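For reference, the structure discussed in these notes is given below.
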């Protein structure tokens, strides 16, 4: 897997060898970033933004944001094999100064106030497909008022996932790419 665009375009991203981590496929990533850049429903810009990447895995979303000039990405990952690869990717690409990596459970991260001294422009939520407590995360993010004024949440789910999204999220766009479904809201 490689970085699609920006300052790090073409650089390799390492992936975990096991099947417990599901990387964001290039087609989905490219389509998502095109949507973020060209949609008239979304006003947030990646350049100079602060990103929260929950269930980071190998870090492909957050690293792509850094390549596109995001100011800072907070990576949250607690699976040790994925965390090793995430740290390897950050080190290999020399982007440590724009990254904050925490080995914490994405559902419990909201118990640690130190992560929320800034509000976020983009919060990317990419849990395992079988995870069904997504609304808990959305509600915590909304209740803690963690999004900037034009900030958005991006959910990555399986296209057949038919969970009902909490009324706390104003859905701006929903797209399907292959087996993936992307939901963007604020």
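Return yes when residue 80 is touching a helix residue (DSSP H, G or I) at 6+ places or on another chain (Cβ under 8 Å) and closer than 25 Å to residue 133 by Cβ and no when it is not. Reasoning before the result, please.
Working: touching a helix residue (DSSP H, G or I) at 6+ places or on another chain (Cβ under 8 Å): no; closer than 25 Å to residue 133 by Cβ: yes.
Spelling it out, it is not the case that residue 80 is touching a helix residue (DSSP H, G or I) at 6+ places or on another chain (Cβ under 8 Å) and closer than 25 Å to residue 133 by Cβ.
Select from the range 101-146 the residues that are closer than 18 Å to residue 158 by Cβ, out of contact with any strand residue (DSSP E or B) (no Cβ under 8 Å at 6 or more places or on another chain) and at pLDDT 90 or above and list them in ascending order.
Taking the range 101-146 first, the residues closer than 18 Å to residue 158 by Cβ are 106, 124-135, 137-138.
Then keep just the ones that are out of contact with any strand residue (DSSP E or B) (no Cβ under 8 Å at 6 or more places or on another chain); that gives 128, 130-133, 135.
Once the filter is applied, which keeps residues that are closer than 18 Å to residue 158 by Cβ, out of contact with any strand residue (DSSP E or B) (no Cβ under 8 Å at 6 or more places or on another chain) and at pLDDT 90 or above, the range 101-146 yields only 135.
With respect to the numbered conditions (1) within 16 Å of the chain's Cα centre (by Cα); (2) without any contact (Cβ under 8 Å) to a residue 12 or more places away in the chain; (3) farther than 17 Å from residue 154 by Cβ, which one is the sole condition not fulfilled by residue 71?
(2)
For the range 89-142, give me the residue count where each residue is out of contact with any helix residue (DSSP H, G or I) (no Cβ under 9 Å at 6 or more places or on another chain) and under 24 Å from residue 48 (Cα atoms).
Within the range 89-142, residues that are out of contact with any helix residue (DSSP H, G or I) (no Cβ under 9 Å at 6 or more places or on another chain) and under 24 Å from residue 48 (Cα atoms) number 12.
Does residue 93 satisfy the condition of being in contact (Cβ under 8 Å) with a residue 60 or more places away in the chain and more than 16 Å from the chain's Cα centre (by Cα)?
Working: in contact (Cβ under 8 Å) with a residue 60 or more places away in the chain: yes; more than 16 Å from the chain's Cα centre (by Cα): yes.
Here the answer is yes, as residue 93 does meet what is asked.
Which pairs have Cβ atoms under 9 Å, sit 6 or more apart or on different chains, and link a residue in the range 160-174 that is closer than 16 Å to residue 140 by Cβ to one that is loosely packed, with under 12 Cβ neighbours inside 10 Å and modelled with pLDDT under 90?
168/143
Which of the residues spanning the range 82-99 are over 19 Å from residue 18 (Cβ atoms) and crowded, with 16+ Cβ neighbours inside 10 Å? Quick ask: steps written out before the conclusion?
Our first condition is that a residue be over 19 Å from residue 18 (Cβ atoms); within the range 82-99, this holds for 90-99.
Passing the criteria: 90, 93, 95, 98, 99.
Answer yes or no as to whether residue 6 is in a loop (DSSP other than H, G, I, E, B), modelled with pLDDT of 85 or more and surrounded by fewer than 18 Cβ atoms within 10 Å (Cβ to Cβ).
Details: in a loop (DSSP other than H, G, I, E, B): yes; modelled with pLDDT of 85 or more: yes; surrounded by fewer than 18 Cβ atoms within 10 Å (Cβ to Cβ): no.
Spelling it out, it is not the case that residue 6 is in a loop (DSSP other than H, G, I, E, B), modelled with pLDDT of 85 or more and surrounded by fewer than 18 Cβ atoms within 10 Å (Cβ to Cβ).
Take residue 170 and decide whether it is over 17 Å from residue 65 (Cα atoms) and surrounded by 13 or more Cβ atoms within 10 Å (Cβ to Cβ). Quick ask: steps written out before the conclusion?
Numbers: over 17 Å from residue 65 (Cα atoms): yes; surrounded by 13 or more Cβ atoms within 10 Å (Cβ to Cβ): no.
No, not satisfied.
Can you name every residue in the range 111-137 that is crowded, with 17+ Cβ neighbours inside 10 Å and assigned to a helix (DSSP H, G or I)?
Residues satisfying the conditions are 115, 134, 137.
Looking at 53, 18, which is the one that is in contact with a helix residue (DSSP H, G or I) (Cβ under 8 Å, 6 or more places away or on another chain), in contact (Cβ under 8 Å) with a residue 60 or more places away in the chain and surrounded by fewer than 20 Cβ atoms within 10 Å (Cβ to Cβ)?
Numbers: 53 fails: surrounded by fewer than 20 Cβ atoms within 10 Å (Cβ to Cβ).
Only one candidate passes the filter, namely 18.
Within the range 145-186, track down each residue that is within 16 Å of residue 52 (Cα to Cα) and not in a strand (DSSP E or B).
145, 146, 186
For the range 143-152, state whether one or more residues are free of Cβ contacts under 8 Å to residues at least 40 places away in the same chain, under 24 Å from residue 172 (Cβ atoms) and surrounded by 14 or more Cβ atoms within 10 Å (Cβ to Cβ). Before the answer, list the steps.
Here is the first cut: in the range 143-152, the ones free of Cβ contacts under 8 Å to residues at least 40 places away in the same chain are 143-145, 147, 149.
After this cut, where a residue has to be under 24 Å from residue 172 (Cβ atoms) as well, the list is 143-145, 147, 149.
Those left that are additionally surrounded by 14 or more Cβ atoms within 10 Å (Cβ to Cβ): 147.
Looking for residues that are free of Cβ contacts under 8 Å to residues at least 40 places away in the same chain, under 24 Å from residue 172 (Cβ atoms) and surrounded by 14 or more Cβ atoms within 10 Å (Cβ to Cβ), one finds at least one in the range 143-152, hence yes.
Residues of the range 61-77 being more than 24 Å from residue 140 (Cβ to Cβ) and buried (at least 17 other Cβ atoms within 10 Å of the Cβ), which ones?
Residues of the range 61-77 more than 24 Å from residue 140 (Cβ to Cβ): 63-64, 66-69.
Those that are more than 24 Å from residue 140 (Cβ to Cβ) and buried (at least 17 other Cβ atoms within 10 Å of the Cβ): 63, 64, 66, 67, 68.
Could you grab me the full set of residues in the range 23-46 that are closer than 19 Å to residue 153 by Cβ and not in a helix (DSSP H, G or I)?
Across the range 23-46, the qualifying residues are 24, 39, 40, 41, 42, 43, 44, 45, 46.
The values are calculated or read from the model by the stated rules, or taken from the named source; none is laboratory data. Quick caveat, the model's predicted, so the values are computed rather than measured. A quick note on method: Cβ atoms are made from the backbone with ideal geometry, for glycine too, and the neighbour counts reach across all protein chains shown.
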